[in-house]
1. Only residues that are closer than 19 Å to Glu97 by Cβ and among the aliphatic types (A, V, I, L, M): list them for segment 1-28, please.
2. Could you say whether any residue in segment 8-15 is in contact (Cβ under 8 Å) with a residue 24 or more places away in the chain and either open to solvent by less than 30 Å² (accessible area, probe 1.4 Å) or part of a strand (DSSP E or B) (or both)?
3. Name the strands (runs of 3 or more DSSP E) wholly inside segment 21-91 in which the number of residues that are small (Gly, Ala, Ser), at pLDDT 95 or above and in contact with an Asp or Glu (Cβ under 6 Å, 6 or more places away or on another chain) is 1 or more.
4. Could you please give the count of residues in segment 29-42 that are more than 17 Å from Gly96 (Cα to Cα) and either without any contact (Cβ under 8 Å) to a residue 60 or more places away in the chain or among the polar types (S, T, N, Q) (or both)?
5. Restricting segment 62-90 to residues that are of a type in the set (A, V, I, L, M) and in contact with a Gly (Cβ under 8 Å, 6 or more places away or on another chain), which is surrounded by the fewest Cβ atoms within 10 Å (Cβ to Cβ)?
6. For Val107, are the conditions met, namely being over 13 Å from Ile49 (Cβ atoms), β-branched (Val, Ile, Thr) and surrounded by 13 or more Cβ atoms within 10 Å (Cβ to Cβ)?
Amino acid sequence: MILKNISQSEIIQLKNLVDYREGQVVSKTLVQSRHVGITIFSFWKGEFISTHQSDGDAFVLCLDGTGKVEIDGQPYVLYQGDAIVMPANHPHAVYGEDNFKMMLTVVFPQE
């Protein structure tokens with residue numbers, strides 16, 4: 001099975017796969033392979049993932065709350081239903097402006 005930590009053949013709410021925990025960033029990995037990663041995150045207000053880079057293009061979909069993504073130092077605010085692509089090999093960071101949940105899909109280059 002490629003997908004893990006998720007029910008199959010039933011309707012789910014992605015935002016319910018991870019809970020908010022005070023002072024924490026919580027994640028649940030659904031797929032991790034050489035070519036793709038899919039992870040659901042929750043950020044307590046004020047929590048963040050510091051600036052880093054990835055070898056793959058990263059697609060962020062806001063599932064709940066308000067988050068901020070910085071790409072090359074430029075801030076973008078996301079609300080429920082908003083999405084943005086963080087391009088490969090560009091510095092980026094993610095912040096919980098309020099409590100914030102997101103789905104992160106990273107597609108890595110094929111060799």
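1. Hits for segment 1-28 are Val18, Val25, Val26.
2. No, that holds for no residue.
3. Here the list reads 57-71.
4. 5
5. Val77
6. So Val107 passes the test.
The values are calculated or read from the model by the stated rules, or taken from the named source; none is laboratory data. Fair warning: this is a prediction, and the values are worked out from it, not measured in the lab. Glycine also receives a Cβ, built like all others from the backbone with ideal geometry; neighbour counts cover every protein chain displayed. These accessible areas exclude ligands, DNA and RNA; they are computed on the full protein's heavy atoms, side chains included. Shrake-Rupley method; radii C 1.70, N 1.55, O 1.52, S 1.80 Å.
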